[in-house]
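The values are calculated or read from the model by the stated rules, or taken from the named source; none is laboratory data. On a predicted model such as this, the values are computed, not experimentally measured, just so you know. Here the Cβ positions follow ideal geometry from the backbone for every residue, glycine too, while neighbour counts run over all protein chains shown.
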Amino acid sequence: MSRFISYLISDPLHYGTTPTKFIKRLKKSILRHSVDMVCIRDKENPKLKKILKRAAKTHHHLLVNSDIRLARRFGLFGVHLTSKQLHLIKRAKRMGLFVVASTHSPKELKRAAKADMVTYSPIFKSPGKPAPKGLGALRGAVKKQKNIIALGGIVKKRQINRVKIKRAAGFASIRYFV
């Protein structure tokens with residue numbers, strides 16, 4: 001993936017918790033926004049396995065949040081590791097998974113260097129997240145590492161354009177795609 005990436009991260013609040021509702025809403029978002037990658041992020045749903053099984057047929061660049069075993073079990077494209085899981089990057093890569101790693105600081109960025117892509121967040125103000133890093137910090141990070149996906153508070157096209165100007169590899173969002 002060498003072009004500017006759009007990365008949808010799901011949230012049960014917006015997509016629902018039942019497989020039928022989730023898949024219907026996911027398909028709608030993918031078609032409406034020409035999504036490149038999708039991360040299924042629902043850590044507490046007892047129906048997650050059913051959702052993954054059905055979602056795997058929906059999008060070929062499908063990742064699951066934080067669970068390497070589930071990614072392998074359902075033949076998914078990859079896994080999105082949390083900042084507390086950076087030590088698992090090599091293991092996931094050895095398993096043949098595409099790895100996106102969450103980062104929030106230059107130190108974490110450095111630790112995630114072997115990931116295929118990294119999210120750097122939050123860039124803009126986002127509910128329940130720490131103060132935004134801003135576009136200057138994003139540009140500084142991109143100068144050191146080229147595989148950065150901006151995340152956090154991206155809800156409008158103008159924010160996407162501003163991230164693009166800073167030469168991020170792409171953007172990720174929950175709310176933009178809803």
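Odds and ends about this structure:
- Scanning the stretch 41-80 for residues that are within 19 Å of TYR7 (Cβ to Cβ) and among the polar types (S, T, N, Q) yields THR58, ASN65, SER66.
- Flag if VAL155 is closer than 24 Å to GLY16 by Cα, surrounded by fewer than 17 Cβ atoms within 10 Å (Cβ to Cβ) and of a type in the set (A, V, I, L, M, F, W, C): yes
- Qualifying residue in the stretch 112-129 (condition: free of Cβ contacts under 8 Å to residues at least 24 places away in the same chain and within 23 Å of SER10 (Cβ to Cβ)): yes
- Taken over the stretch 33-67, the criterion of being touching a residue at least 40 places away in the same chain (Cβ under 8 Å) and either of a type in the set (Asp, Glu) or surrounded by fewer than 16 Cβ atoms within 10 Å (Cβ to Cβ) (or both) is satisfied by HIS33, ASP36.
- Considering each residue of the stretch 53-76 in turn, none proves to be within 19 Å of PHE177 (Cα to Cα) and either over 18 Å from the mean Cα position of the chain (by Cα) or of a type in the set (Asp, Glu) (or both).
- Matching option when the condition is surrounded by 15 or more Cβ atoms within 10 Å (Cβ to Cβ), assigned to a strand (DSSP E or B) and aromatic (Phe, Trp, Tyr), among PHE171, PHE124: PHE171
- Any hit, the stretch 68-77, residues being touching a residue at least 60 places away in the same chain (Cβ under 8 Å), within 18 Å of ASP36 (Cα to Cα) and surrounded by fewer than 20 Cβ atoms within 10 Å (Cβ to Cβ): no
- Identity of the residue in the stretch 4-32, β-branched (Val, Ile, Thr) and assigned to a helix (DSSP H, G or I), that ends up surrounded by the fewest Cβ atoms within 10 Å (Cβ to Cβ): THR20
- Any hit, the stretch 121-143, residues being under 15 Å from the mean Cα position of the chain (by Cα) and among the hydrophobic types (A, V, I, L, M, F, W, C): yes
- If you check ALA113, ALA92, ALA137 for being at pLDDT 95 or above, surrounded by fewer than 22 Cβ atoms within 10 Å (Cβ to Cβ), part of a helix (DSSP H, G or I) and aliphatic (A, V, I, L, M), only one passes: ALA137.
- The selection criterion, being buried (at least 18 other Cβ atoms within 10 Å of the Cβ), in contact with a Ser or Thr (Cβ under 7 Å, 6 or more places away or on another chain) and under 24 Å from HIS104 (Cβ atoms), holds for LEU81.
- Among the residues of this structure, LYS164 does not count as one that is at pLDDT below 95, closer than 24 Å to HIS61 by Cβ and of a type in the set (Lys, Arg).
- Residues satisfying the stated conditions in the stretch 54-89, i.e. part of a helix (DSSP H, G or I) and of a type in the set (A, V, I, L, M): ALA55, ILE68, LEU70, ALA71, LEU86, LEU88, ILE89
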